[in-house]
Amino acid sequence: MKSNLLSDSSMTLIDESIVAQVNLLSYPDRFCYTISHDDQKIHVRYRDNEQPSVWSLRNTDGQLTLEPIDAISQQPSATELLAVIEAALLCYPAQKEVTLTVVRSRFPELFAAGVLTADGNRVIVYAEVFWQLPRLWHQRGSDAPYPIRYGFSQGQRHPLRPPKPSGLVYRRYIPWLESTLNFRRVVIDNDLQRFNCWMNDPVVAAFWQETGDMQKHRAYLEMIDADPHMLNLIGCLNDEPFGYFEVYWAKEDRIAPFYDAHDFDRGWHVLIGEPQMRGKPFVTAWLPSISHYLFLDDCRTQRIVIEPRIDNLKMMRNLAYGGYGSLKEFDFPHKRAALHMLLRERFFSEQLWVPRSAVTTHSLSLS
């Protein structure tokens, strides 16, 4: 079964006014770098009391170039270089590539990972490759995918899944909110009261239909915890919880009978529990970030699916902004749903981790 994506790239322009900010944070290898950009210079500092390194960032006739201009930056570590590259791509979010002036022999692991590419005398970073590098945003210890060994669940053959992570799983600085967004594993004893409050919010209840008391919601979270194909997460901005996310492996999920689920397809559900964190600026942060997390979590994941209720028009509009195509409508026992899908190739090649100023509603045809 082949997937074809119909798109009009002229209608998917990046809203650079949202993302072009001066002060940034970057978290390569779980370190935190503070970055400022002014007058074609990037200043990078790892510790508050240290002298920042300085880099030249120039955009000349559409060609973005990055090079060190002081003694400190001449010998950067790999983590500092990654932080600088992220800053350059956040300052120029429509840019497809960056040309670097660095000593090639110092970064063999970045060449081996495909982050740096040699092109004659130039060293190039391609944005769509760079944003597939887990070590900047994903919080796991290893980039190696979990080995494949097959098992069965409810009659469905599928790869056995890795153990569930604990704590923080994803972290990313959002320039237009001037905040760090993260996803962390649910801790039932700590999060139950908040989850109960969110589920009983009328806006949430209208679509989730899971109102109830603390006992009911403890049982619900314990059920998700015990299910190896699902992972429940809390979304936070600057460590303040704002929403609940359930991510799942589609092959073992109730969605599998309704389309040709592949072994590493992922899916997700969401509720935004804090009213003050609903709206476009927040959606453009968390929606591409949950997609990004799922693509980083396993490099074999090529497709992400989601199935909102067909009367959830706001959600479907947001999914279109995030690059999800509408496949079809179908009936679950509890709702009529609209199946949407995001392709890995589209997410990275069209740089969908940043907001769009205008989009068309795309369709996916499966044949």
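The values are calculated or read from the model by the stated rules, or taken from the named source; none is laboratory data. Given the structure is predicted, the values throughout are model-derived calculations rather than measurements. Note: ideal-geometry Cβ built from the backbone for every residue, glycine included; neighbour counts use all protein chains shown. The area values use the complete protein model at the heavy-atom level, side chains included, leaving out ligands, DNA and RNA. Shrake-Rupley method; radii C 1.70, N 1.55, O 1.52, S 1.80 Å.
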How many residues of the range 90-118 are open to solvent by 70 Å² or more (accessible area, probe 1.4 Å) and either farther than 17 Å from residue 76 by Cα or under 19 Å from the mean Cα position of the chain (by Cα) (or both)? The answer is 2
Pairing a residue in the range 327-338 that is at pLDDT below 90 with any residue that is among the polar types (S, T, N, Q) and open to solvent by 90 Å² or more (accessible area, probe 1.4 Å), where Cβ atoms lie under 8 Å and the two sit 6 or more apart in sequence or on different chains, gives 334/209
By residue number, the members of the range 255-269 that are over 17 Å from residue 308 (Cα atoms) and of a type in the set (A, V, I, L, M) are 261
Across the range 1-46, the tally of residues that are open to solvent by 40 Å² or more (accessible area, probe 1.4 Å), touching a helix residue (DSSP H, G or I) at 6+ places or on another chain (Cβ under 7 Å) and at pLDDT below 50 stands at 3
With criteria (1) in contact (Cβ under 8 Å) with a residue 40 or more places away in the chain; (2) surrounded by 16 or more Cβ atoms within 10 Å (Cβ to Cβ); (3) under 24 Å from residue 225 (Cβ atoms), residue 351 comes up short on (3)
Of the residues in the range 300-342, those that are within 13 Å of the chain's Cα centre (by Cα) and either over 15 Å from residue 266 (Cβ atoms) or among the hydrophobic types (A, V, I, L, M, F, W, C) (or both) come to 304, 342
message = Whether any residue in the range 47-68 is part of a strand (DSSP E or B), open to solvent by less than 10 Å² (accessible area, probe 1.4 Å) and in contact with a Pro (Cβ under 6 Å, 6 or more places away or on another chain) is what I want to check.
response = yes
Only one of 224, 234, 306 is under 27 Å from residue 193 (Cβ atoms), of a type in the set (Val, Ile, Thr) and surrounded by 20 or more Cβ atoms within 10 Å (Cβ to Cβ), namely 234
Residues of the range 126-142 being in contact (Cβ under 8 Å) with a residue 24 or more places away in the chain, open to solvent by 60 Å² or more (accessible area, probe 1.4 Å) and either within 28 Å of residue 256 (Cα to Cα) or over 14 Å from the mean Cα position of the chain (by Cα) (or both), in sequence order, are 126, 132, 140
A careful count of residues in the range 69-86 that are touching a residue at least 12 places away in the same chain (Cβ under 8 Å), outside any helix (DSSP H, G or I) and not aliphatic (A, V, I, L, M) gives 3
If we keep only residues of the range 240-259 that are surrounded by fewer than 18 Cβ atoms within 10 Å (Cβ to Cβ) and at pLDDT 95 or above, then the residue farthest from residue 223 (Cα to Cα) is 240
Restricted to the range 143-179 and to residues being over 13 Å from the mean Cα position of the chain (by Cα) and under 23 Å from residue 87 (Cβ atoms), the residue most open to solvent (accessible area, probe 1.4 Å) is 178
